[in-house]
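Contents: one structure, followed by commentary.
The values are calculated or read from the model by the stated rules, or taken from the named source; none is laboratory data. Note that the structure is predicted; figures quoted are calculated from it, not measured. As a convention, Cβ positions derive from the backbone with ideal geometry for all residues, glycine included, and neighbour counts pool all protein chains shown. Just the protein is used for accessible areas: all its heavy atoms, side chains included, with ligands, DNA and RNA removed. Shrake-Rupley method; radii C 1.70, N 1.55, O 1.52, S 1.80 Å.
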Amino acid sequence: MSYNPNAAMSGTHKNAEVQYQWKINLDFDAEKDIILLRVTEELSKRKWSKSLGTNDVNGKIRDEYNRLGKAIANGTCDYVYPEDSGATKVTIKYGNDEFFFSVPQDYN
């Protein structure tokens, strides 16, 4: 059976009985002018992170940081736990905004 991210998000994959406790954190590095997105799965202690620079966003980076922060605080976040040591998939929805990220695992 191949890995199906849609089934994983809906809980219909083969490990549906496995529970995850997700935490997402958003910071802004004013010196480097980048958004730092960090995801942690609390039970396994696995961590993922992604940096978004001015070339990765539409518009001004500080406006995108505020928009993404509002979506995280007020919307819904769905996660797909990777079956291997790869990236986790994160979908953030709020109002008309929908963000999709593939966040690489931290190995340190």
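A Förster distance of 30 Å, applied to the separation of the beta-carbon atoms of residue 84 and residue 33, puts the FRET efficiency at 0.40.
Before I look further, what does region 26-108 give for accessible area per residue, probe 1.4 Å, in whole square angstrom?
On the way: 5080 Å² over 83 residues.
Per-residue value: 61 Å².
Measuring r between the beta carbons of residue 93 and residue 22 and using R0 = 25 Å, the FRET efficiency lands at 0.95. Cα convex hull, region 32-88: 108 Å³ per residue, rounded to a whole number.
Over region 15-108, what is the relative contact order in percent, taking alpha-carbon pairs closer than 8 angstrom and at least six residues apart? The partial results should precede the final answer.
Details: 151 pairs, mean separation 19.3, N = 94.
Relative contact order comes out at 20 percent.
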